Structures are given as C-alpha cells and as structure tokens.
Amino acid sequence: MALSLSNAVRLGGSYEFSSQAKRSCSFMPLTNVFSDETKKSALKTQIQSNGWKLNCNSSGTVFNHAGNQGEATQSTKWWEVAGTDNFREILSEEDLKDSLKNAGNKLVVVHFYSPACGGCRPLHPKMYQIAEAHQEVIFLKVNQQVHKSLCKTIIAPVVPFFQFYRGAQGRLCSFSCTLATIKKLRDALTKHGTAQCSLGPAKGLDEDVLLKLASNKEIELSYPVGFSSNHGDFALHAA
C-alpha cells in the first residue's frame with residue numbers, strides 16, 4: 001500500500017515516512033506483521049490526527065500491499081471558512097475600533113467565538129446563513145483565543161457571545177446564545193435591525209474600554225489617555 005499526499009509526501013513498502021513538505025507529520029512505522037486492513041486503519045488515524053483529510057481512490061495504481069491509492073489534503077479549519085462580504089474576521093483591537101467607527105449608522109453584530117468552544121462550531125455555519133440573509137447588517141467575528149486581552153476588556157465572559165452596536169447609540173445589547181437558543185439572536189436582529197435616522201457620529205466602543213485598551217497599548221487613540229474627544233476639542237476627565 002502507498003499513500004501519495006498533495007504536498008509530495010509518499011508512503012510505501014514498509015511504511016517508512018519521508019517528506020519534502022514544509023509541515024512535518026509524524027507517522028508510526030508499520031511492520032508487515034499487521035494485516036493490510038490494520039495498516040490502512042492505522043495510517044488513516046495518524047493522517048487525520050496530523051490535520052490531514054484522507055480521500056481514497058480505488059482507481060489509483062495498485063501497489064504491493066493494498067489495491068488503492070490515497071490522497072491526503074490539508075483541511076480548512078472550520079473557523080477559517082470564508083464568509084459573506086458583510087461577515088469578516090477582526091484582525092486586531094484597532095481593527096475592531098475602526099470597524100465600529102466606520103460603520104456609521106449601520107447595525108453591527110460582533111460575534112465572539114473560540115476554536116476550542118464546543119458550542120461555537122455548529123453555530124458558525126448558521127451565522128453565515130444569517131449574515132447572508134441580512135446584508136444591511138455588518139457582522140464581525142472575534143477569535144477569543146487570539147484576542148484574549150480584547151475579550152477580557154470588552155467583557156465577553158463566555159463564548160459564543162454577541163454584542164450589538166449602532167451609530168451614536170454605541171452598544172445596544174450583549175448576550176450569549178448557542179445553536180439551540182439562536183432565537184435570541186434572531187429576536188435581537190428583529191428588534192434592532194430597523195433602519196434609523198443618524199443621531200450623530202458612530203460611538204463605537206465605550207470610552208472606558210478604549211482607555212483600557214490604550215493603556216495596554218492594544219490600540220492608538222487620537223487623544224491622550226485620560227482625555228475625551230468632544231467634536232474635536234479635548235476635555236479633561238473629572239476625577
């Protein structure tokens with residue numbers, strides 16, 4: 001039996017492993033004391049444990065031990081699947097701050113998730129469907145494992161977690177919901193999704209959050225920490 005991987009990894013004969021790939025994968029050598037089925041099962045388990053997807057093709061070349069050829073390709077992580085134009089990944093704290101400021105009076109839904117969260121994975125494809133159905137809403141997703149400081153400062157205590165923002169009103173609501181309780185998300189979209197007249201420039205993140213992130217050097221402010229911007233004028237905070 002031999003396995004041909006898309007990144008030039010090839011297994012054959014006694015199943016010794018060699019690779020020219022940039023990513024290293026560890027495979028346990030399998031001796032001929034095992035049956036062909038045992039070898040195939042063990043190889044499949046090892047390939048999948050290294051983040052590869054195994055697809056067998058019975059029309060491939062016949063080798064010494066097995067009558068089929070396998071092709072393994074690196075699978076895309078579920079949280080990295082490309083979404084719609086109005087649903088994108090936040091890259092940094094500064095990115096989130098600017099995204100909320102630049103959203104104008106549009107409704108913005110910030111979705112906090114984690115790759116290690118058991119409830120986040122089944123919810124993710126449903127989020128893409130909801131975003132596609134609500135093109136008038138901006139959906140932003142924040143990886144809690146990547147942006148731990150932001151999630152702590154912005155008070156996203158659990159995942160999956162949602163925060164709604166709109167224009168000069170700033171944050172409208174916050175709540176946690178899973179696929180089983182997704183009605184909470186739909187109800188919030190119905191309640192806050194109605195178009196409204198602009199009441200001024202977008203507020204974005206609360207000022208106390210901005211100041212904490214700035215003090216941690218996570219973002220840059222256009223005014224010194226301890227000051228607030230009021231239509232371009234600086235005002236000292238009261239003690």
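The values are calculated or read from the model by the stated rules, or taken from the named source; none is laboratory data. All of these numbers come straight from a predicted model, not from anything done at the bench. Note that we place each Cβ from the backbone using ideal geometry, even for glycine, and neighbour counts take in every protein chain shown. Ligands, DNA and RNA are stripped out before the accessible areas are found, and what is left, the full protein with its side chains, is counted by its heavy atoms. Shrake-Rupley method; radii C 1.70, N 1.55, O 1.52, S 1.80 Å.
Quick look at the values:
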{"quantity": "Scan of the range 148-164 for residues that are open to solvent by less than 10 Å² (accessible area, probe 1.4 Å) and at pLDDT 95 or above, ordered by number", "calculated": "Pro160, Phe162, Gln163, Phe164"}
{"quantity": "Tabulated pairs, the range 105-130, first closer than 16 Å to Phe162 by Cα, second of a type in the set (Gly, Ala, Ser) and at pLDDT below 95, C-beta under 6 angstrom, 6+ apart or interchain", "calculated": "Leu107/Gly193; Phe112/Ala156; Tyr128/Gly83"}
{"quantity": "Residue in the range 173-180 that is in contact with a helix residue (DSSP H, G or I) (Cβ under 7 Å, 6 or more places away or on another chain), in a strand (DSSP E or B) and either at pLDDT 95 or above or farther than 25 Å from Thr76 by Cβ (or both) present", "calculated": "yes"}
{"quantity": "Condition met for Glu94 (open to solvent by 40 Å² or more (accessible area, probe 1.4 Å), touching a residue at least 12 places away in the same chain (Cβ under 8 Å) and in contact with an Asp or Glu (Cβ under 9 Å, 6 or more places away or on another chain))", "calculated": "yes"}
{"quantity": "Residue tally, condition closer than 20 Å to Leu172 by Cβ and either open to solvent by less than 10 Å² (accessible area, probe 1.4 Å) or in a loop (DSSP other than H, G, I, E, B) (or both), over the range 114-140", "calculated": "9"}
{"quantity": "Any hit, the range 209-219, residues being at pLDDT below 90, surrounded by fewer than 16 Cβ atoms within 10 Å (Cβ to Cβ) and either among the small types (Gly, Ala, Ser) or under 16 Å from Asn105 (Cβ atoms) (or both)", "calculated": "yes"}
